[in-house]
Amino acid sequence: MMQNLLLDNALLGPFIEFGFMRQALLGCIALALSAAPVGVFLMLRRMSLMGDAMAHAILPGAAIGYLLFGLSLAAMTVGGVVAGLAVAIGSGLVARNTLIREDTSLAAFYLISLSLGVLIVSVRGNSVDLLHVLFGSVLALDGAALALLWGITGVTLATLFLIRRPLILDCLDPGFLRQVSGLGSAAHYGFLALLVINLVAGFHALGTLMAVGIMVLPAASARFWVRRVGPLMAVATALALLTSVAGLLVSYHADWPTSPVIVLGLGGVYLLSMAFAPRGVLRQRLRRSGQRHLRA
Amino acid sequence: MSTHASTPTITLRDLTLGYERHPAVHHLSLHIQPGALVAVVGPNGAGKSTLIKALAGVLAPLSGHIEGLQREHIAWLPQHSDLDASFPIDVRGMVATGLWRQVGALGRFTAAHRQRCDAALAAVGLSGFETRGLDTLSGGQLQRARFARLILQDAPVVLLDEPFAAVDQRTTADLLALLHGWQRAGKTVLAVLHDTAQVREHFPQTLLLAREPVAWGATGEVLTDANWARAQRLREPFDEQAGECGAVA
């Protein structure tokens with residue numbers, strides 16, 4: 001009885017007691033529902049590192065928004081989205097029209113973007129602002145920020161549903177998609193736009209350094225559990241949800257910063273999945289050594 | 001399978017194809033009747049793949065015209081496919097992409113569509129593979145799956161660039177039987193090939209290409225020693241200092 005109460009208290013207590021924890025919970029749920037499916041496509045398109053680069057690319061936009069309007073949600077959001085899209089489209093154009101390839105082109109753009117952002121924040125901001133930008137503020141999400149996160153979740157899920165087929169076919173067989181449909185570049189740029197808005201959402205909650213964590217890590221973990229696109233999205237979303245809520249509680253009880261705890265948790269889930277999941281290292285090993293192969 | 005009253009006559013008029021003004025195929029003119037089964041042969045670098053790309057509509061001619069071909073009437077299997085065989089999808093899902101023109105990005109994938117997929121898989125000898133992962137297929141099985149996708153595309157004109165390059169004899173025989181079936185259904189099939197014995201046995205018409213048309217017509221009349229010798233001589237290298245061709249259309 002006593003234990004039960006304590007458990008209730010530890011798991012639910014913070015959310016019952018504190019409004020900011022409820023806000024943070026809602027923010028984490030929105031982010032997980034949206035970022036994890038985007039992360040699955042990021043992985044399938046072999047763009048996980050590109051996601052990380054893009055996360056840094058949104059910094060100067062957010063910083064310029066901050067420079068002009070202070071710590072304003074709208075200004076930093078618009079700035080981040082504009083900077084992210086500019087880098088995505090700019091590096092895509094350079095890759096298609098010059099002898100520079102996509103990876104180098106993106107690296108060039110995001111490095112320019114990142115250094116500009118760090119410069120602006122360091123010259124004009126203070127260290128508290130810098131911490132906010134780098135590590136987010138999931139425990140300080142207000143109503144407007146939550147509305148933004150849920151709006152982004154709605155747009156993301158609707159768009160993913162609409163462009164799912166061209167997006168999948170563009171990963172599976174891009175040449176074939178070009179043969180039968182002109183939707184390839186629409187799907188590509190549509191997906192980049194989703195990536196950018198989700199990074200901006202992640203940036204508000206987790207900060208630029210770790211926004212991409214809630215995309216890449218659940219998707220990579222899910223790969224060890226299931227083998228089809230739909231189940232990958234479901235498992236990645238479930239892992240992201242559970243881990244971010246758990247991370248929130250751990251960070252509350254231990255009084256540790258939230259975003260590194262959440263991303264570390266996701267990292268732990270990834271390592272455990274790699275080891276113990278059905279398609280993970282240990283089971284594969286066991287299967288190979290412990291079983292005789294079939295007759296045919 | 002549907003018959004193709006709509007299969008077009010393909011006409012090439014003084015077609016010159018190439019890259020950066022350097023022609024890979026010169027002055028090619030010919031008619032291909034609906035329902036033809038045509039082999040395109042020639043030495044390496046003769047412009048065979050270039051011709052297929054132009055017919056598929058992905059390479060614009062330097063000069064001349066291609067008539068009678070619309071992009072939506074073509075199913076094309078390139079020599080180097082972009083297919084990512086490690087993608088997490090089952091065989092039926094991959095083959096179903098052949099129904100793109102009917103189902104599209106948002107259309108409903110019905111039970112009838114699913115049956116057509118399974119029938120196409122059966123036609124290429126992949127029954128029982130419907131829910132297997134694409135990553136479990138061998139090279140020959142992957143090529144069979146690509147042919148199942150071609151079946152579902154059900155296009156009046158089928159272009160194949162070295163379709164049997166990396167598959168064994170049995171797979172080749174099965175896939176050749178499919179080509180004959182397509183021809184009987186009224187489709188026009190063009191295939192780039194290397195095995196002349198196979199061409200003689202299965203392809204009524206042949207184009208021997210060596211940067212320019214060496215011979216075109218009934219296979220027996222095209223594949224002569226004299227024509228092959230001429231094809232070898234015509235294969236000149238890409239010349240940086242090449243002058244402009246006098247016979248510009």
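Values quoted throughout were computed directly from the atomic coordinates according to the rules given, and no laboratory measurement underlies them. Note that the structure is a prediction, hence the values are computed from the model and not measured. Ideal geometry is used to build each Cβ from the backbone, glycine not excepted, and the neighbour counts take in all protein chains shown.
Things worth noting here:
- Filter result for A:Met210 (in contact with a helix residue (DSSP H, G or I) (Cβ under 6 Å, 6 or more places away or on another chain), in a helix (DSSP H, G or I) and under 29 Å from A:Ala63 (Cβ atoms)): no
- Top-ranked residue of the range B:105-134 - restricted to ones that are buried (at least 16 other Cβ atoms within 10 Å of the Cβ) and facing chain A (nearest Cβ under 10 Å), ranked as nearest to A:Leu162 (Cα to Cα): B:Ala105
- Wholly within the range A:91-187, helices (runs of 4 or more DSSP H) carrying at least 1 residues that are within 14 Å of chain B (Cβ to nearest Cβ) and of a type in the set (Asp, Glu): A:143-172
- Only one of the numbered conditions (1) surrounded by fewer than 20 Cβ atoms within 10 Å (Cβ to Cβ); (2) under 30 Å from B:Gly47 (Cβ atoms) is not met by B:Trp76, and that is (1).
- Pairs meeting the criteria (first residue in the range B:95-110 and more than 15 Å from A:Gly175 (Cα to Cα), second residue of a type in the set (Val, Ile, Thr) and not in a helix (DSSP H, G or I), beta carbons under 9 Å, at least 6 apart or on different chains) are B:Val103/B:Thr110.
- Residue within the range A:231-250 that is within 14 Å of chain B (Cβ to nearest Cβ), crowded, with 24+ Cβ neighbours inside 10 Å and part of a helix (DSSP H, G or I) present: yes
- Residues (crowded, with 24+ Cβ neighbours inside 10 Å and not in a helix (DSSP H, G or I)) located in the range A:35-65: A:Ile58
- Qualifying position, being over 24 Å from B:Asp82 (Cβ atoms), surrounded by fewer than 19 Cβ atoms within 10 Å (Cβ to Cβ), within 14 Å of the chain's Cα centre (by Cα) and in contact (Cβ under 8 Å) with a residue 12 or more places away in the chain, among B:Leu207, B:Leu176, B:Leu234: B:Leu176
- Among the residues of the range B:59-72, at least one is part of a helix (DSSP H, G or I) and closer than 30 Å to A:Ile163 by Cβ.
- Annotation: B:Leu83 fulfils all but one of (1) in a loop (DSSP other than H, G, I, E, B); (2) of a type outside the set (Ser, Thr, Tyr); (3) closer than 25 Å to B:Ala177 by Cα; (4) more than 8 Å from every other protein chain (Cβ to nearest Cβ); the unmet one is (4).
- Selected residue (criterion: surrounded by the fewest Cβ atoms within 10 Å (Cβ to Cβ)) from residues of the range B:86-104 that are closer than 15 Å to B:Ser138 by Cα and more than 8 Å from every other protein chain (Cβ to nearest Cβ): B:Ser86
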